[in-house]
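Nothing in this text is a laboratory measurement; each read-out follows from the coordinates by a stated rule. Bear in mind that the values here come from a model prediction, so they are computed numbers and not experimental data. Heads up, the Cβs are rebuilt from the backbone with ideal geometry, glycines too, and the neighbour counts pull from every protein chain shown.
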Amino acid sequence: MKYLLVMALVLVVFWIWRNNRDTERRDAAPVRPPAPQKPGTAITEIVACEVCGVHLPKTEALIGSKGIYCSEAHRRQARD
């Protein structure tokens with residue numbers, strides 16, 4: 001029984017030591033600022049196709065009378 005208590009105490013001390021060490025590492029890690037964007041790069045808006053739900057850049061999407069589509073076939077399908 002005595003050995004079990006000693007083993008439990010050692011495990012608790014080890015757990016506390018390791019937890020503190022991980023916390024110190026996270027606190028000491030340098031905080032990096034977000035990477036700057038290159039001049040002239042714009043953020044692209046992403047839209048979803050009304051028929052299949054595929055996400056694609058708005059610049060590549062086809063705009064129809066009832067919404068935004070990923071292909072000519074889906075634009076025609078929505079018209080029918």
>> With viscosity set to 0.890 mPa s at 25 °C, what whole-number translational diffusion coefficient in µm²/s follows for the chain from Stokes-Einstein and a Kirkwood radius over Cα pairs?
In response: 133 µm²/s
> Under 17 Å from the Cα of K58, which lysines turn up, not counting those fewer than eight places away in the same chain?
Replying inline: K66
> Mind checking which of V47, V13, V31 has the largest fluctuation in a GNM of the chain, springs on alpha carbons under 10 Å?
Replying inline: V13
> About its Cα centre, how strong a charge dipole does the chain have in debye, to the nearest 20, once Lys and Arg get +1 and Asp and Glu get -1 at the Cβ?
Replying inline: 260 debye
>> Can you tell me the orientation of helix 2-28 relative to the chain, as the angle in degrees between its alpha-carbon axis and the longest Cα principal axis, to the nearest 10?
In response: 40 degrees
> When only Cα pairs under 8 Å and 6 or more residues apart are kept, what is the percent relative contact order across the chain?
Replying inline: 16 percent
> Non-local amide H neighbours of G64 (under 5 Å, H modeled in plane, Pro and chain starts lacking H): which ones?
Replying inline: Y69
